[in-house]
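Following: one structure in structure tokens, then a few remarks.
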2 protein chains.
Amino acid sequence: MDAYKIIRKKILLGDFSQGQRLTEEYLCEQLSISRTPIREAIRRLESDGLIMSLKRGVAVRSFTKEDVRQIYDLRALLEGYAASQAAHNRSEKDINKLQATNHAFAEQLAVYDEENKETLESVVNENRAFHEALIASSKNAHVQMLISKVTVLPLVYGQFHWNSVVGMERSKAAHDTLISAIMKKDGERARSAMLEHIYQGRDAVLTHLTKDGKIIEGAEPI
Amino acid sequence: MDAYKIIRKKILLGDFSQGQRLTEEYLCEQLSISRTPIREAIRRLESDGLIMSLKRGVAVRSFTKEDVRQIYDLRALLEGYAASQAAHNRSEKDINKLQATNHAFAEQLAVYDEENKETLESVVNENRAFHEALIASSKNAHVQMLISKVTVLPLVYGQFHWNSVVGMERSKAAHDTLISAIMKKDGERARSAMLEHIYQGRDAVLTHLTKDGKIIEGAEPI
DNA sequence: TGTTGCGCTATTGTATACAAAGATGTTATT
DNA sequence: AATAACATCTTTGTATACAATAGCGCAACA
């Protein structure tokens, strides 16, 4: 795994906390690697929007509640578009893939155990696999790239969404609806199902953020 | 100007042609600079989608006609969204700015002279300024970032759009419509005006590409 | 006490040397 | 003549040294 992926993972998992300054030397120590590849990784992470540049050096980006709202809304816009395009451009193979990944999602759901963190991770991974398969079905590399730019919210937030079996079951049902619409080449229905699906996630996260008192005011970092 | 900006400009202006391989050493010579900053610039350009990585090294990205279509469609989606958000979030200051930039656009249009390339450049610049002001009015930094990712089509293509005074006048009118809708906080109208405006540009470019025999088939690079 | 200037330190920016890994070309063997 | 093996060359990957600069603390002065 290269420096970029390692640092990215550490940010997403919260190993580096929001606002934390990342000096090149510090990263060199952490990864036992020299500054050259670190610097390249930093440029990429900057372009991803995962880190912000200070007057001197960079820090892990912090997000406000308003950021979270805007990012989810853009995900809805883009994934909704991807879903409608998928309905038009999907092949039989794509359908199979979508059904297979959603089946795997359901299976992980069945063995999910609140006490076992790994089972949650599996659920989240299978969900991601489904979304990736759907986006790939759109046959649009550019929308895929854009969506990757708005999936930068540290996983921690995303997982607020996955805090209830009820929510997970609803996601499974939403995936079923999406597959059905895509099979029927009903682009508008696919889009609306995706919008609803993502707004569900957004609202769960925003509710959680407000409730936990972690942040609250729009302008404050979380 | 740093290495990133210089290389980016050279790609957009066509100084480096599509598909051309860019070795680090070659870029070092061109910019009279060492490999370290060159490598960082390459990583950023890669993330921008302006260059593609080969088995070994990178090359200037080439776009197919289908790429052009997809990119314009995504611009329409995102700028349409930005326009509707601008209608809701704009301040009085934003309105003034929009009117000022569109006024400047009209002025450049008035002195435009087919024989003088610089006047065309001025028109294009003022148009960009208007779009930037509009996006800024949306008060959404994330949509701004995403739009910057889909403005990677070498300027050469974009300028196909600016090949007739008629098209330019239509753009001016579209900007007026946009300002009017944004002033009235009519988000849906702003979105639809923006969609139409961008599809006009897309169609002009696609028609040109087909006519010039530069490419034609969807899968071939332009 | 506040503030201005200076010098030191921490950190980033750039160049370059060396290592590693492909690509290419050449020769020997069939 | 075709191909496999090897050597060579090109190009990228990594480490490190040195240069430049921003930030900070300290001291001198008002």
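The values are calculated or read from the model by the stated rules, or taken from the named source; none is laboratory data. Computed from a predicted structure; not experimentally measured. A quick note on method: Cβ atoms are made from the backbone with ideal geometry, for glycine too, and the neighbour counts reach across all protein chains shown. The area values use the complete protein model at the heavy-atom level, side chains included, leaving out ligands, DNA and RNA. Shrake-Rupley method; radii C 1.70, N 1.55, O 1.52, S 1.80 Å.
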Practice task
Would you point out which residue out of A:SER91, A:SER138, A:SER62 is closer than 19 Å to A:HIS197 by Cα and small (Gly, Ala, Ser)?
Solution key: A:SER138
Handout entry: Qualifying residue in the stretch A:132-140 (condition: within 14 Å of chain B (Cβ to nearest Cβ), open to solvent by less than 40 Å² (accessible area, probe 1.4 Å) and of a type in the set (Lys, Arg))
Key = no
Practice task
Only residues that are assigned to a helix (DSSP H, G or I), touching a residue at least 24 places away in the same chain (Cβ under 8 Å), open to solvent by 50 Å² or more (accessible area, probe 1.4 Å) and away from chain B (no Cβ under 11 Å): list them for the stretch A:141-171, please.
Solution key: A:LEU155, A:VAL156, A:GLN159, A:VAL165, A:GLU169, A:ARG170
Handout entry: Selection count where residues are over 28 Å from A:THR210 (Cα atoms), assigned to a helix (DSSP H, G or I) and not polar (S, T, N, Q), scope the stretch A:52-90
Key = 6
Exercise for the section: Just one of (1) open to solvent by 70 Å² or more (accessible area, probe 1.4 Å); (2) within 10 Å of another protein chain (Cβ to nearest Cβ); (3) within 14 Å of DNA strand C (Cβ to nearest atom) trips up B:ARG39, so point out which. Expected result: (1)
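Looking at the stretch A:102-110, can you tell me whether even one residue there is more than 14 Å from DNA strand C (Cβ to nearest atom), closer than 30 Å to B:GLU40 by Cα and either free of Cβ contacts under 8 Å to residues at least 40 places away in the same chain or in a strand (DSSP E or B) (or both)?
Applying the first criterion (more than 14 Å from DNA strand C (Cβ to nearest atom)) to the stretch A:102-110 yields A:102-110.
Those left that are additionally closer than 30 Å to B:GLU40 by Cα: none.
Looking through the stretch A:102-110, none of the residues is more than 14 Å from DNA strand C (Cβ to nearest atom), closer than 30 Å to B:GLU40 by Cα and either free of Cβ contacts under 8 Å to residues at least 40 places away in the same chain or in a strand (DSSP E or B) (or both).
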Handout entry: Top-ranked residue in the stretch A:52-90 [being away from DNA strand C (no atom under 11 Å from the Cβ), under 18 Å from A:ASP15 (Cα atoms) and more than 12 Å from chain B (Cβ to nearest Cβ); ranked as least open to solvent (accessible area, probe 1.4 Å)]
Key = A:VAL60
Completion exercise
Conditions (1) within 14 Å of another protein chain (Cβ to nearest Cβ); (2) assigned to a loop (DSSP other than H, G, I, E, B) -> A:ARG191 fails only (2)
Problem - Which numbered condition A:LYS117 misses (of (1) out of contact with any helix residue (DSSP H, G or I) (no Cβ under 9 Å at 6 or more places or on another chain); (2) buried (at least 16 other Cβ atoms within 10 Å of the Cβ); (3) basic (Lys, Arg)) - result: (2)
